[in-house]
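Read the figures in this text as sums done on the coordinates, not as results from a lab. Bear in mind the structure is a predicted one, so any value in this text is a computation, not a measurement. Every residue, glycine among them, receives a Cβ derived from its backbone with ideal geometry; neighbour counts consider all protein chains shown.
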Amino acid sequence: HNSGMLFLYERPVIECMWMKTPLIPPSVAFFDEAGKLINVAQMQPQTDDSHCTARPASYALEMEQGWFARSGIGAGAVLLGLDQLKQRPR
């Protein structure tokens, strides 16, 4: 799977996510304002366990669990195409 969910925050924030109802375990990656990876968290489904960004984030990308590791996305990775997202009306 190469599809997921991108969360855009109006300003950099410390954000936490959890997976109360979904059955599939995702991974979530948090990115700063420049699109640089902050951290990746492995989430468990149907729990209230919080998974938070290590420092203020502007974006979160939720993908199927293990996708970031399989795709070689780790320290130093940069999310591209953010300029286009910022220009789109919400």
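Considering helices alone, the calculated mean residue ellipticity of the chain at 222 nm is -2000 deg cm²/dmol, with DSSP H runs of length four and up weighted by -39500 (n - 2.57) and normalised per residue. Considered as an equivalent ellipsoid built on the Cα gyration tensor, the chain has semi-axes of 20, 15, 13 Å, the largest given first. Shape of region 37-76 from its Cα gyration tensor (a ≥ b ≥ c, root eigenvalues): rounded if a/c is under 1.5, otherwise prolate when a/b > b/c, or oblate? Because a/c hits 1.5 or more and a/b fails to exceed b/c, region 37-76 counts as oblate. Here region 13-56 has an Rg and Dmax of 10.9, 32 Å, counting Cα atoms alone. With a simple spin-label model that places each label point 7 Å from the Cα along the Cα-to-Cβ direction, the separation between E33 and C52 comes to 2.1 nm.
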